[in-house]
Amino acid sequence: MCHKKQNRSLEEALADEKTTEIAIDKALTINNDVEIPSGKTVEIANTVTLSKGTLTNDGKIVMAQNGVITITENKGTVMNNGEIDVINQGKLKESENIINRGNIIVKVGGTIESTEDSAIIGTGKVIFEIGTYKDPETSEETTSTEEQIVNAITNTSATEVKLISDFTVESKIDITKSSLQKLTKVADFDLNGYTIKSDVSNDYAIVVNEKINLTIKNGSIISNTTDGRNIINKATLTLNKVTMKGYYNVVSDIKSTTNIIGGEYTATYCGIFGGSESKTTISGATVTSDAYAVSGNGSKNDTTFTIKDNSVITSKNDVAIYMPSTKLLQVVDSKVTGNSGIETAAGDVEIINSEVVATAKGQVPGDINENGNKAEGKYGSVNDRSALLVISRKGYGNEDTGSIKVTIKNSTLTSVLGKAIRTHVNMDGEKPGVKTIVVTYDDATVLNGDVVNDKTVPNGISITVNGEKVPQKEA
């Protein structure tokens with residue numbers, strides 16, 4: 001049986017071998033060295049002032065309601081070799097005079113008061129717990145807010161933010177820190193096997209803002225609405241072993257970098273989207289969408305996608321990879337399957353050691369409508385049922401100097417309708433898009449279906465497929 005003593009001095013209580021729990025519920029000033037040995041717990045529920053000396057913790061300190069440690073003019077030091085729990089609206093102020101070699105755990109309802117010019121130092125962990133916490137003594141529940149999640153992730157001292165229960169986003173987790181002057185790695189957000197559920201409609205549940213470098217890992221992010229968008233990244237984001245469901249899964253905004261490692265992504269409209277000058281890498285992930293699994297947009301420029309490490313990219317009803325204005329699309333050691341496989345209208349495409357399959361049955365369009373297949377559905381792609389469609393199309397790519405270069409090595413392109421590769425220039429009475437299309441494939445590549453090119457192309461347009469140039473129309 002443990003003994004809890006409050007009326008003796010702290011030193012006396014710590015020296016008593018029978019006392020394992022000590023409560024400090026009155027203001028206390030420490031002006032000499034004090035050691036909390038292993039096996040003892042000190043609960044601080046008032047103000048403890050360190051005027052000098054070192055408070056060494058080899059056991060456990062609990063910062064409870066109204067509990068604060070104040071260091072006078074940086075003359076005192078807290079040396080934590082054990083554990084400090086910040087609970088029940090308890091507070092720990094950041095200070096370089098707190099040296100952490102153990103663990104500091106901020107429970108739901110606890111706070112580390114952040115300062116811009118100071119931080120807790122040391123090799124230990126500072127872990128924030130997020131979700132719903134049930135007090136074992138009172139059974140009262142405390143639930144984190146979206147603002148508290150942001151404060152935890154962007155806290156200067158935090159090393160990890162960990163979900164301890166499922167969490168529902170009702171407004172938005174808007175991850176930003178106005179004081180950042182450059183790209184800064186913030187604490188990992190460990191979903192810890194739990195799920196973030198979003199009730200946010202027609203907007204993003206999580207926004208990673210400029211200058212933030214964040215990793216989200218080990219859990220699920222699911223939209224409860226039919227038009228919910230899960231994450232928009234405006235800086236640098238790594239998603240590691242995450243399962244995601246929503247209208248949009250991940251949007252890489254202008255000049256952002258997104259790394260997707262493993263996990264499963266299921267969308268009703270778009271799985272992974274890339275904006276202007278964004279770079280997205282998909283490694284060993286499964287991305288499935290009713291429409292586009294991976295997509296850019298005609299109004300976005302210089303989008304880069306790398307898909308590798310046995311990723312599986314699938315569209316149920318449209319083109320699996322829709323790239324109307326890509327700078328570079330690389331598909332390496334992966335599989336792409338959809339009504340149509342890959343559709344590109346700008347930039348460079350590399351398909352290496354991969355499989356691209358167009359599964360749709362039905363009539364292949366002859367002259368492709370400039371508005372894509374909107375007559376058939378709501379999407380802007382052509383979706384012509386080819387494994388690979390390379391198209392010069394009005395409004396896509398640079399109309400004066402733009403080109404598309406496609407390189408295929410040791411891959412298999414298959415179309416149920418027999419169109420493994422198709423090149424096309426869509427005039428529709430107007431100027432086309434890019435001026436030059438070059439497609440090459442090596443002897444190790446297997447084409448299950450025809451290579452179909454326009455019989456003639458307009459003057460000023462050049463299409464070359466494996467060294468053979470498509471004839472031009474007369475002026």
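With Glu35, Glu73 as the choices, which residue is farther than 28 Å from Gly131 by Cα, free of Cβ contacts under 8 Å to residues at least 40 places away in the same chain and either under 42 Å from the mean Cα position of the chain (by Cα) or crowded, with 21+ Cβ neighbours inside 10 Å (or both)? Break it down stepwise before answering.
Working: Glu35 fails: either under 42 Å from the mean Cα position of the chain (by Cα) or crowded, with 21+ Cβ neighbours inside 10 Å (or both).
Result: Glu73 is the single residue among Glu35, Glu73 that is farther than 28 Å from Gly131 by Cα, free of Cβ contacts under 8 Å to residues at least 40 places away in the same chain and either under 42 Å from the mean Cα position of the chain (by Cα) or crowded, with 21+ Cβ neighbours inside 10 Å (or both).
Could you list, in sequence order, all residues of the stretch 320-333 that are in a loop (DSSP other than H, G, I, E, B) and surrounded by fewer than 24 Cβ atoms within 10 Å (Cβ to Cβ)?
Hit for the stretch 320-333 is Asp333, nothing else.
If only one of Ile36, Ile22, Ile71, Ile30 is closer than 18 Å to Ile87 by Cα and either in contact with a strand residue (DSSP E or B) (Cβ under 7 Å, 6 or more places away or on another chain) or modelled with pLDDT under 95 (or both), which one is it?
None of the others qualify; the one that does is Ile22.
On the given criteria, is Val406 surrounded by 15 or more Cβ atoms within 10 Å (Cβ to Cβ), modelled with pLDDT under 95 and not in a loop (DSSP other than H, G, I, E, B)?
So Val406 fails the test.
Restricting to the stretch 275-327, what's the tally of residues that are in contact with a Lys or Arg (Cβ under 6 Å, 6 or more places away or on another chain), under 21 Å from Val208 (Cβ atoms) and not polar (S, T, N, Q)?
Total satisfying the criteria: 3.
List the number of the failed condition for Gly131; all other conditions in (1) under 29 Å from Ile212 (Cβ atoms); (2) surrounded by fewer than 18 Cβ atoms within 10 Å (Cβ to Cβ) hold.
Here Gly131 meets the rest and fails (2).
Do we find that Glu96 is of a type in the set (Asp, Glu), without any contact (Cβ under 8 Å) to a residue 60 or more places away in the chain and closer than 25 Å to Asn151 by Cα in this structure?
The answer is yes for Glu96.
Among the residues of the stretch 214-256, which ones are more than 18 Å from Asp188 (Cβ to Cβ), part of a loop (DSSP other than H, G, I, E, B) and not polar (S, T, N, Q)?
Passing the criteria: Asp227, Gly228, Lys234, Asp253, Ile254, Lys255.
Conditions (1) in a helix (DSSP H, G or I); (2) touching a residue at least 40 places away in the same chain (Cβ under 8 Å); (3) surrounded by fewer than 18 Cβ atoms within 10 Å (Cβ to Cβ); (4) not aliphatic (A, V, I, L, M), marked per residue:
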residue: Ile84; (1), (2), (3), (4): no, no, no, no
residue: Asn88; (1), (2), (3), (4): no, yes, no, yes
residue: Ser139; (1), (2), (3), (4): no, no, yes, yes
residue: Ala158; (1), (2), (3), (4): no, yes, no, no
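Pull out all pairs, ordered by first then second residue, where Cβ-Cβ is under 6 Å, the residues are six or more apart or on different chains, the first lies in the stretch 103-119 and is farther than 19 Å from Gly82 by Cα, and the second is aromatic (Phe, Trp, Tyr) and assigned to a strand (DSSP E or B).
Val108/Tyr133
Go through the stretch 414-456 and give me each residue that's over 22 Å from Ala320 (Cβ atoms) and at pLDDT below 85.
Once the filter is applied, which keeps residues that are over 22 Å from Ala320 (Cβ atoms) and at pLDDT below 85, the stretch 414-456 yields Met427, Asp428, Gly429, Glu430, Lys431, Pro432, Asp454, Lys455, Thr456.
Within the stretch 291-319, track down each residue that is closer than 18 Å to Thr281 by Cβ, surrounded by fewer than 24 Cβ atoms within 10 Å (Cβ to Cβ) and either polar (S, T, N, Q) or modelled with pLDDT under 90 (or both).
Lys300, Asp302, Thr304, Thr306, Asn310
With Thr306, Thr288 as the choices, which residue is over 27 Å from Phe167 (Cβ atoms) and in a strand (DSSP E or B)?
The unique qualifying residue is Thr306.
Those residues that are crowded, with 18+ Cβ neighbours inside 10 Å, at pLDDT below 90 and not in a strand (DSSP E or B), I need them from the stretch 90-108; list them, please.
The answer is Gly90, Glu94, Ser95.
Mind listing whichever residues of the stretch 436-474 are surrounded by 16 or more Cβ atoms within 10 Å (Cβ to Cβ) and at positive phi?
Scanning the stretch 436-474 gives a single hit, Gly449.
Contact list please: Cβ distance under 7 Å, first residue in the stretch 322-343 and within 17 Å of Ile261 (Cα to Cα), second residue basic (Lys, Arg) and part of a strand (DSSP E or B), pairs at least six apart or on different chains.
Val332/Lys308; Asp333/Lys308; Ser334/Lys308
Can you pull out the residues in the stretch 23-69 that are assigned to a loop (DSSP other than H, G, I, E, B), more than 15 Å from Ser9 (Cα to Cα) and among the aliphatic types (A, V, I, L, M)?
Passing the criteria: Ala45, Ala64.
The values are calculated or read from the model by the stated rules, or taken from the named source; none is laboratory data. This is a predicted model, so every value here is computed, not measured. Heads up, the Cβs are rebuilt from the backbone with ideal geometry, glycines too, and the neighbour counts pull from every protein chain shown.
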